[in-house]
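Asker: Just passing along the structure, written as structure tokens.
All of the numbers you see were taken from the coordinates with simple rules; none came from a lab. In this text the structure is predicted, and so the values were computed from the model without any measurement. Note: ideal-geometry Cβ built from the backbone for every residue, glycine included; neighbour counts use all protein chains shown.
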Amino acid sequence: MGGFHASNLPDEALAHLDAVVIGEGEEVWPRLLADFEQRRLQRTYRADGLLDMAQIPVAGRQIFDGKGFLLTSSLQTTRGCPHDCEFCSVTSFYGRKYRERPVEDVLAELELLRKRSSFAFFVDDNLVADRRYSLALFAGMKGMGFKWFSHAPIDFGRDPEFLQAAGEAGCIGMFVGFESLNQQALAAMGKVTNRAASYLDDAKAFRDHGIGILGSFVLGIDGDTPAIFPEILRFCEDARLEAAIFPILTPYPGTTVRKRLLREGRITSNVWQDYDMGHVTFRPVGMTAAELQAGHDWLNRSFYSFPSMYTRIFKLHRSLQVFGPMNFGFRRAIRRVAKEGLRA
């Protein structure tokens, strides 16, 4: 087993399996396989350092052929994030070092990819952290005919040249972490690039360049009260956000917020199946856990109601081809969860 959770809690993972890979796995994977074949499997494997991004090969997507997978056109150009948001597990896993694959390697992979698909999803946690690198990538992608989606911070909307380059390269959507409408809360969580006062203008700038937004708002941060739920809904509709998610603050292992909440004695559950961003696992400040859960459920239902969807996405926009189905998919998922909860 490997990944974020097992890397942060290897002893727990080892109670259930034979070996744990801590950190990035590419360099130790051949050694693990060799040890397995020779019946000398070690309990833990840890790479000596971070992977040289130039060593990442083109993905062998032929393994997906004929298996009915919906999305096989994802790729990664960078790893890590230069920021250190309190709730995020990315920095605890990768550190704050931001690493990039050579642009020419990414473009070569895209050339192969477009023989299979005209859509690409860049799984990078922050595709645009290095402006120089991203501009070179976007210049190389221009004219390739891709429609693509990735992740970017909200301050990307304050750089018209950068936005234009992304739009011309085929970007139709970005996952954007708004996180909070409260500037003090943003500062406390380490979201240094966010200015709540400019959110409406920033969102409009994305849309004006043909880039839709899948926004994210963390619920239950210190200072939130029950009044935050209608405020967020009103903002999302005023900003005409094409889609959004509303995760409950979740103290994942390895994160700064988990360490703080443990010090404060506010963790109320370590049942990992509840760590899905849809259940309250800590004691909030400013409302009860029951109020936080109810507000989360109400906000999801309200945002993905037909009136709200009409307000936000009923317009001619090139991103509609992605965000239209996304809204209906989220709506179905929310209704299914609600029904399962009622049956339980």
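Asker: Please state the charge dipole magnitude for segment 1-49, taken about the Cα centre, from unit charges on C-beta atoms (+1 on K and R, -1 on D and E), reported in debye and rounded to the nearest 20. If you can, show how the numbers build up before the last one.
Answerer: Working: 5 positive and 9 negative charges, 38 e Å.
The dipole magnitude comes to about 180 debye.
Asker: Explain nothing, just the number: relative contact order of segment 102-170, from Cα pairs under 8 Å at least 6 residues apart, as a whole percent.
Answerer: Working: 68 pairs, mean separation 26.0, N = 69.
So the answer I get is 38 percent.
Asker: A follow-up question, please. Setting aside same-chain residues fewer than 8 positions from LYS191, which aspartates and glutamates have a Cα under 15 Å from its Cα?
Answerer: List returned: ASP84, GLU86, ASP125, ASP155, GLU179, ASP222.
Asker: So for the pair LYS67, ARG96, with labels modelled 7 Å out along Cα→Cβ, what separation do we get in nm?
Answerer: In this crude label model, LYS67 to ARG96 measures out at 3.9 nm.
Asker: Could you grab the relative contact order for segment 56-343? Cα pairs under 8 Å, six or more apart, rounded to a whole percent.
Answerer: 15
Asker: Which entries in LYS67/LYS115; LYS115/LYS142; LYS147/LYS204; LYS97/LYS147 show an alpha-carbon gap greater than 25 Å?
Answerer: Violating the 25 Å limit, Cα to Cα: LYS97/LYS147.
Asker: In the chain, what percentage of the DSSP-assigned beta bridges are antiparallel, given to the nearest 5?
Answerer: 10
Asker: For CYS81, CYS171, what's the fewest-to-most ordering of other Cβ within 10 Å of each Cβ?
Answerer: With the fewest neighbours first, CYS81, CYS171 line up as CYS81, CYS171.
Asker: Using the Cα centre of segment 56-343 as origin and beta-carbon charges of +1 (Lys, Arg) and -1 (Asp, Glu), tell me which of ALA59, SER319, PHE93 is placed farthest towards the positive end of the dipole.
Answerer: My answer, from the dipole projection, is ALA59.
Asker: Now for a separate question. Counting only helical runs of four or more DSSP H residues, what would the 222 nm mean residue ellipticity of the chain come to if each run contributes -39,500 (n - 2.57) and the total is spread over all its residues?
Answerer: That calculation yields -12000 deg cm²/dmol at 222 nm.
Asker: What residue among PRO284, ILE22, ALA239 has its Cα farthest toward the positive end of the dipole of the chain, where the charges are +1 on Lys, Arg and -1 on Asp, Glu, each on the Cβ?
Answerer: Final value for the positive-end residue is ALA239.
Asker: Based on other C-beta atoms within 10 Å, arrange THR311, THR255 from fewest to most.
Answerer: Ordered from fewest to most neighbouring Cβ atoms within 10 Å, THR311, THR255 come out as THR311, THR255.
Asker: Would you mind working out the magnitude of the charge dipole of segment 161-254 relative to its Cα centre, with +1 at each Lys and Arg C-beta and -1 at each Asp and Glu C-beta, to the nearest 20 Debye? It would help to have the intermediate numbers written out before the result.
Answerer: Details: 6 positive and 12 negative charges, 16 e Å.
Value, rounded to 20: 80 debye.
Asker: What FRET efficiency do you get for ALA139 and LEU50 if R0 is 30 Å and r is their Cβ-Cβ distance, rounded to the nearest 0.05?
Answerer: Rounded to the nearest 0.05, the efficiency is 0.65.
Asker: Taking only complete DSSP H runs, can you tell me which helices of the chain stretch 24 Å or more along their own long axis by Cα positions and average at least -0.5 on the Kyte-Doolittle scale? All intermediate terms of the calculation are to be shown ahead of the outcome.
Answerer: Values: long enough: 320-343 (34 Å, -0.22).
Helix filter hits for the chain: 320-343.
Asker: Another question about this same structure. Can you give the charge dipole size of segment 56-343 about its Cα centre, rounded to the nearest 20 debye, using +1 on the beta carbon of Lys and Arg and -1 on the beta carbon of Asp and Glu?
Answerer: Result for segment 56-343 is approximately 660 debye, rounded to the nearest 20.
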